[in-house]
Amino acid sequence: MPGSLRSRLRTHCVVPCIAVVGAFVVENHCTLPVFEARARIDHLGLARYYLRAQLPDRALEEATRALREDGDRVATLLVMARAHHQKGETTNAVSSLTRAIHLDPDDGSLYMLLHRVCLDAGREEMALDALERLHEELPENWNAQVALGMAYVSADSGDSDRIPQGLELLEGALAQPGDADDESLTFARHQLASAYMHHDRADEAARILESTLESNPKDPFALFTLGEFRLQQDRAEEAEHLFQRLMREADGAATATRIAGLWYDAGYRQRAIHYYEWAMGEQEPPSPSLMNNLAWTYSEENMALERAHDLSLRAVKEDAGNVVFLDTYAEVLFRQGRQDRAVALIRRAVELEPDDGEHREYLLQQLHRFSTAAGFIAP
């Protein structure tokens, strides 16, 4: 199945360490730590344990005790924020994260976590309000500036004034990076390049990406995104050079599949096949979606149909009710001259697709095409 109708497969794990100096620790049948009376209980460790066990109320109780004993600490406030997030208490989660940020304003990940917690809860405006306040309270802080700029350019509110404000904040941060580390600078460049691309300022995005590659020639985001842009400019050889560099640096199967999708969408089927095959060599076992996409591309090129048949059949065996996989298998059979079998399979796909399903009209067109070629009258 072609284009958007084809199926594609496009944690911070905190391990608690309950440290008890001079204490004997015993695990009971529930694996909950039990301490001797003489030991000083590690309330933060217990809070993390309860958080991992999806018991946010108990986690909050222990984190509150930890705050009383040790005062404000970023680690404790992070546990509280995550516990509030588990409970759906976004306002309290933001409050805890704001306190953590004031303790360590140079940790950019705290701002990003605040933004993500609000987005997960569907509270984008709350994130914007909190980041605006932080920027006002920490006007010289580079991370606060970048976080607010990122939030502005990615906002879905439709407020057109925020986009130029966000771009200005990100541009200013990159113009005066101060003592920002390389990782933070790279993140800011990524955000600004993405914003430029999203707002149809591709040439400016390309300049940012080229600058990123000058400082970090192995940057995967810059290599992929600049390659995509060069492909859109019909500069295929430059794109291929960037993609080849990327493949030397990134996870093989996932990256090759993404690159194959770009080549396919740009109309370069042979190059798409090359990268799908590359992904097949890196992924064991290959995913049904990968096999389906490669089989479809072979069928469109009317080449290697026996391999396409094998790949498509394997995908269908993995998920016999997937109408996209059935369509690909039917297409391959049709190209092999096995029209009767192709008609039977596409009829099965039509039966499986709901009347209001997104693929139904296309599948009916396929049924008519195959039936006509086979000399049948399609229903």
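The values are calculated or read from the model by the stated rules, or taken from the named source; none is laboratory data. Note that the structure is predicted; figures quoted are calculated from it, not measured. Note that we place each Cβ from the backbone using ideal geometry, even for glycine, and neighbour counts take in every protein chain shown. To get the accessible areas, we keep the full protein, side chains included, count just its heavy atoms, and leave off ligands, DNA and RNA. Shrake-Rupley method; radii C 1.70, N 1.55, O 1.52, S 1.80 Å.
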Subject >> Where a residue in segment 62-86 is of a type in the set (S, T, N, Q) and its partner, wherever it lies, is assigned to a helix (DSSP H, G or I), with Cβ under 6 Å and at least six apart >> reply: T76/L44; T76/A63; T76/A66; T76/L67; Q86/P56
**OP:** Using the structure shown, decide if M291 is touching a Lys or Arg at 6+ places or on another chain (Cβ under 8 Å), closer than 24 Å to F325 by Cβ and aliphatic (A, V, I, L, M).
**Re:** yes
**OP:** Could you run through segment 225-255 and say how many residues are over 18 Å from the mean Cα position of the chain (by Cα) and of a type in the set (V, I, T)?
**Re:** 0
Subject >> Flag for I163 being at pLDDT below 90 and assigned to a helix (DSSP H, G or I) >> reply: yes
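Condition test on L119, is it open to solvent by less than 30 Å² (accessible area, probe 1.4 Å), of a type in the set (A, V, I, L, M, F, W, C) and either farther than 30 Å from R248 by Cβ or assigned to a helix (DSSP H, G or I) (or both)?
In short, no.
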**OP:** Please indicate, with yes or no, whether at least one residue in segment 44-65 is in contact with a helix residue (DSSP H, G or I) (Cβ under 8 Å, 6 or more places away or on another chain), under 18 Å from Y111 (Cα atoms) and surrounded by 16 or more Cβ atoms within 10 Å (Cβ to Cβ).
**Re:** no
Original post:
Which fully enclosed helices (runs of 4 or more DSSP H) of segment 276-379 have 2 or more residues being surrounded by 16 or more Cβ atoms within 10 Å (Cβ to Cβ) and β-branched (V, I, T)?
Top reply: 323-335, 339-352
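If you check D200 against the conditions, is it within 23 Å of L148 (Cα to Cα), out of contact with any helix residue (DSSP H, G or I) (no Cβ under 6 Å at 6 or more places or on another chain), open to solvent by 20 Å² or more (accessible area, probe 1.4 Å) and part of a loop (DSSP other than H, G, I, E, B)?
Yes, satisfied.
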Subject >> Test result for A127, hydrophobic (A, V, I, L, M, F, W, C) and either open to solvent by less than 50 Å² (accessible area, probe 1.4 Å) or touching a helix residue (DSSP H, G or I) at 6+ places or on another chain (Cβ under 8 Å) (or both) >> reply: yes
**OP:** Report, by residue number, each residue of segment 173-197 that is at pLDDT 90 or above and loosely packed, with under 14 Cβ neighbours inside 10 Å.
**Re:** A175, Q176
**OP:** Please work out which residue is farthest from H43 (Cα to Cα), limiting yourself to segment 75-94 and to residues that are open to solvent by 40 Å² or more (accessible area, probe 1.4 Å) and part of a helix (DSSP H, G or I).
**Re:** T91
**OP:** With respect to L134, determine if the residue is modelled with pLDDT of 95 or more, within 25 Å of the chain's Cα centre (by Cα) and within 20 Å of V94 (Cα to Cα).
**Re:** no
Subject >> From L97, L110, residue being open to solvent by less than 30 Å² (accessible area, probe 1.4 Å), among the aliphatic types (A, V, I, L, M) and under 22 Å from the mean Cα position of the chain (by Cα) >> reply: L110
Subject >> Failed item, numbered, when H190 is tested on (1) outside any helix (DSSP H, G or I); (2) under 21 Å from L119 (Cα atoms) >> reply: (1)
